[in-house]
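Note sheet for the following structure.
The values are calculated or read from the model by the stated rules, or taken from the named source; none is laboratory data. Note that the structure is a prediction, hence the values are computed from the model and not measured. Cβ atoms come from the backbone with ideal geometry, glycine included; neighbour counts cover every protein chain shown.
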């Protein structure tokens with residue numbers, strides 16, 4: 001019994017700072033300290049909410065715009081080395097040894113060179129995944145004419161292996177191309193930009209003019225579908241047709257194509273897999289290029305958003321720290337008499353500091369829960385309703401996208417709490433400067 005009582009007393013003494021913090025967390029009645037504590041909870045909650053919303057918005061932008069780019073272009077292009085960036089292509093024979101067996105690539109081993117130490121041995125790593133799909137395409141410049149209106153376009157010829165999943169989601173009305181096995185189709189799939197500009201809709205017939213061997217060639221097409229990706233560079237320039245129709249216009253052989261589009265399993269593997277394809281797979285007369293290299297401006301803009309994310313998080317974290325420091329100083333000054341009494345009874349400075357740090361921790365826990373409810377709640381509302389709209393011409397999207405990453409939310413919550421507690425150690429040292437003889441004289 002004595003041993004049990006001793007243990008209970010010991011545990012009670014060990015948990016005394018937490019016990020005092022819980023009992024005195026919110027002062028009874030109306031007081032300035034109580035108002036400051038509640039204000040600190042609200043400020044900390046808003047900081048957490050803003051960090052969650054900013055991260056979700058920025059990551060949503062990067063994810064949606066990247067998916068748009070890769071849905072239109074693929075991750076890697078393989079073309080003839082003599083092809084140029086104006087979408088004019090020299091033909092490639094379809095019976096290359098790597099097609100379509102390249103789809104069986106599950107992972108790629110690559111060397112990661114440390115830039116700070118170029119003389120060090122490279123670190124060998126493996127990609128998270130491999131190549132998901134490879135499909136063929138051909139680009140053919142032409143001019144769409146209807147009545148007295150005309151529009152220069154790049155007609156992208158696609159084959160039966162084309163993955164329509166992305167364009168089915170971007171359809172405004174109509175349908176994607178139907179590519180029968182035994183016959184050519186005169187179907188044409190245009191963008192909403194072209195449809196609005198030339199007043200063309202599904203079912204309408206248009207004439208497309210081509211230049212072949214310095215002679216004009218005319219072909220009639222019928223619009224089967226209208227899509228909208230939100231990418232002005234693609235929507236204003238591209239229409240989709242049957243690749244066999246493109247071969248017929250170009251007078252290419254049946255096994256000739258313009259190039260390959262390669263899709264990978266994981267976005268971060270694009271560059272290593274591109275290096276692998278270029279160095280180890282394709283012959284010397286072919287060239288592979290990642291879409292990040294082909295359209296650097298868009299991807300550089302997306303990378304800049306990471307800086308915005310860290311700046312916003314840093315500012316919100318500083319605001320939270322300042323509010324908590326001010327709150328802790330006010331609480332300490334309000335409890336000077338309690339500090340003097342406890343010191344006169346033999347309490348150590350470390351125990352007293354723990355009392356106030358426990359209070360700050362409780363406030364942060366409450367603020368974190370409230371901030372998560374506000375932040376995640378607003379993000380979910382935006383996901384469901386898309387009530388925040390954007391100018392698609394400027395932002396490539398007609399609404400503010402949201403992507404909630406559980407690991408980032410956990411990092412925000414835990415990281416903010418740890419950093420704030422560490423910074424609060426500094427103002428808590430004020431307790432060691434308060435002596436019972438000076439404190440107890442004030443009432």
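Inspect all residues belonging to the range 230-242 and state whether any of them is at pLDDT 90 or above and surrounded by fewer than 19 Cβ atoms within 10 Å (Cβ to Cβ).
Checking the range 230-242: not a single residue is at pLDDT 90 or above and surrounded by fewer than 19 Cβ atoms within 10 Å (Cβ to Cβ).
Among the residues of the range 212-229, write down those that are surrounded by fewer than 19 Cβ atoms within 10 Å (Cβ to Cβ) and modelled with pLDDT of 85 or more. I'd like the intermediate steps shown before the answer.
Pass one, the range 212-229, residues surrounded by fewer than 19 Cβ atoms within 10 Å (Cβ to Cβ): 212-220, 222, 228.
Scanning the range 212-229 gives 216, 217, 218, 219, 220, 222, 228.
Looking at the structure I just gave you, is residue 152 surrounded by fewer than 16 Cβ atoms within 10 Å (Cβ to Cβ) and either closer than 19 Å to residue 72 by Cβ or assigned by TED's automatic domain parsing to the domain that holds residue 207 (or both)?
Details: surrounded by fewer than 16 Cβ atoms within 10 Å (Cβ to Cβ): yes; either closer than 19 Å to residue 72 by Cβ or assigned by TED's automatic domain parsing to the domain that holds residue 207 (or both): yes.
Answer is yes for this residue.
Please specify each residue of the range 367-394 satisfying the condition of being touching a helix residue (DSSP H, G or I) at 6+ places or on another chain (Cβ under 9 Å), crowded, with 16+ Cβ neighbours inside 10 Å and at pLDDT below 90.
The one that is touching a helix residue (DSSP H, G or I) at 6+ places or on another chain (Cβ under 9 Å), crowded, with 16+ Cβ neighbours inside 10 Å and at pLDDT below 90: 392.
Restricted to the range 275-298, and to residues that are assigned to a helix (DSSP H, G or I) and touching a residue at least 60 places away in the same chain (Cβ under 8 Å), which residue is nearest to the chain's Cα centre (by Cα)? Lay out the reasoning, then the answer.
Our first condition is that a residue be assigned to a helix (DSSP H, G or I); within the range 275-298, this holds for 275-281, 291-294, 296-298.
Pick out the ones that are also touching a residue at least 60 places away in the same chain (Cβ under 8 Å) and you get 275-277, 281, 291, 294, 298.
Numbers: 275: 24, 276: 26, 277: 26, 281: 31, 291: 17, 294: 20, 298: 14 Å.
Once the filter is applied, the top-ranked residue is 298.
I need the strands (runs of 3 or more DSSP E) fully contained in the range 37-141, keeping only those with at least 1 residues that are surrounded by fewer than 17 Cβ atoms within 10 Å (Cβ to Cβ) and modelled with pLDDT under 85. Give the steps one after another, and end with the answer.
Details: elements: 76-80, 109-112, 123-126.
In the range 37-141, 109-112, 123-126 are the strands (runs of 3 or more DSSP E) which contain 1 or more residues that are surrounded by fewer than 17 Cβ atoms within 10 Å (Cβ to Cβ) and modelled with pLDDT under 85.
Give me a count of the residues in the range 299-335 that are at pLDDT 75 or above and touching a helix residue (DSSP H, G or I) at 6+ places or on another chain (Cβ under 8 Å).
The total comes to 21.
Of the numbered conditions (1) under 22 Å from residue 396 (Cα atoms); (2) outside any helix (DSSP H, G or I); (3) outside the structural domain of residue 139 (by TED's automatic domain parsing), residue 305 fails exactly one; give the number of that condition.
Here residue 305 meets the rest and fails (2).
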